[in-house]
Structures are given as C-alpha cells and as structure tokens.
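These notes concern the structure reproduced below.
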C-alpha cells in the first residue's frame, strides 16, 4: 500500500489526507501502528456531499460526527486500518499533537492550527492507524514564515483571538451581539483572514455550521 492509494480511497468518499507520520511510543497511537494518516474534508465540494447524507437529513444530533464514524469506519475496514476520531471522549485522542507530528500543520501566530493546504480552516474528521510503514514525502515549510502581513493577528473584531491568546468567553459574548451576525453567518473572521484559507474552497454554509456548533456548546 502507498500513501497515494490511501489518498485515492479517501477522496472517493469526499475526504482527503491532511498529513501522515510514523508514530513512536510517545504519540499514543494504537499498538502496532506503522503509519498514522489524518483525514479531513476534501475541498472544494465536501459540504454539498455531506448535506446529501442520511446523517444530515435524519434530523438526529451530531450529524457530522455520525457521518465521520460511518464513512471513516468503512474506509478503515477497506484498508485494514484502525479508525480514530477527535470526538467521543473523554479521553480524547491527541489530534493536535498528531497534526503537529504530521509536518503539514503548525501552531499559527494565534495558536490555532494552520495547515499547509487548508490554512486556518483545517478540520480533522478522523485518522487511520495503518499497520504498514508507508513511504512519506518530506514535510513542507510552515507558510507562516513567509506570510508578511500575518492578518490573523489583527482580524478578530472583538479582540478575543490574538497573538496573546484566545479569550473564549469574550468570543461567545461577541457572537451574541448584532455585530456578531457576520461571524455566525460566515464563520470566524480570523480563520477567513488567512491567505491559505481563502484558497481552500470551504463554503460559508459549512463555516456557519461549525460556528453554530461552537457557540451552541457554550450554553449547553
């Protein structure tokens, strides 16, 4: 098996490989994992496929998590892998650590993960723990080093997300105001400000859904 073969299988179900690495004992991967492959939406086009799914249409809670379990679970069976998810805990799988280990994602100037192709729109729906040690490409350089303006540092209209950190209560308070309507409809301004995010292809409806889930969680 090759990483290209895994990528082709993932893209057939509207997912993409967002990084891979050979885990060691400190990475908390399942025993016997030769390669851990991270999966996220294949853009452009993921949202249109997702909202046509039975999980979205049945009106039950957590449609994206349920879709991820079904689709990634079937993909794992097809490839002889163990499926892993960033939800369903505690305990939770260390996806932030795995993203950094993949060499395709880094801590951005505002500390959120930034991905080489997805920018600040990166979203991990799951991972595959494969027994084989696949050949992997050399990791790219972090794009933040060549981003002269770093607009993420000044984009937040509420000042909740800056280089000084993330004031989550302040963010939620802003979303409750009329001024927060744009963020509720289009998603986080900071994530949208990243130049790589702007070329990724995520539609506003998908960002609005993720924002609604984030904001709903503050009052759950």
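The values are calculated or read from the model by the stated rules, or taken from the named source; none is laboratory data. Note that the coordinates shown come from a computational prediction; the quantities given were computed from them, not determined experimentally. Because the Cβ atoms are built from the backbone with ideal geometry, glycine has one as well, and the counts that use them run over all protein chains shown.
The table below gives the values:
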item: Filter result (outside any strand (DSSP E or B) and closer than 20 Å to residue 4 by Cβ) within the stretch 17-44; result: 22, 33, 34, 42, 43
item: Test: residue in the stretch 91-106 that is at pLDDT 95 or above, touching a helix residue (DSSP H, G or I) at 6+ places or on another chain (Cβ under 7 Å), assigned to a strand (DSSP E or B) and closer than 26 Å to residue 196 by Cβ; result: yes
item: Of the criteria (1) buried (at least 16 other Cβ atoms within 10 Å of the Cβ); (2) part of a helix (DSSP H, G or I), which one residue 158 fails; result: (2)
item: Given (1) within 23 Å of residue 198 (Cβ to Cβ); (2) surrounded by 14 or more Cβ atoms within 10 Å (Cβ to Cβ), index of the condition residue 11 fails; result: (2)
item: Output for the stretch 14-47, where each listed residue is farther than 22 Å from residue 196 by Cβ and surrounded by fewer than 19 Cβ atoms within 10 Å (Cβ to Cβ); result: 22, 23, 24, 25, 26, 27, 28, 30, 31, 32, 34
item: For residue 145: the one exception among (1) in contact (Cβ under 8 Å) with a residue 12 or more places away in the chain; (2) more than 11 Å from the chain's Cα centre (by Cα); (3) outside any loop (DSSP other than H, G, I, E, B); (4) surrounded by fewer than 19 Cβ atoms within 10 Å (Cβ to Cβ); result: (1)
item: Flag if residue 132 is surrounded by fewer than 19 Cβ atoms within 10 Å (Cβ to Cβ), modelled with pLDDT of 95 or more and part of a helix (DSSP H, G or I); result: no
item: Within the stretch 82-93, tally of residues that are over 13 Å from the mean Cα position of the chain (by Cα) and surrounded by 14 or more Cβ atoms within 10 Å (Cβ to Cβ); result: 4
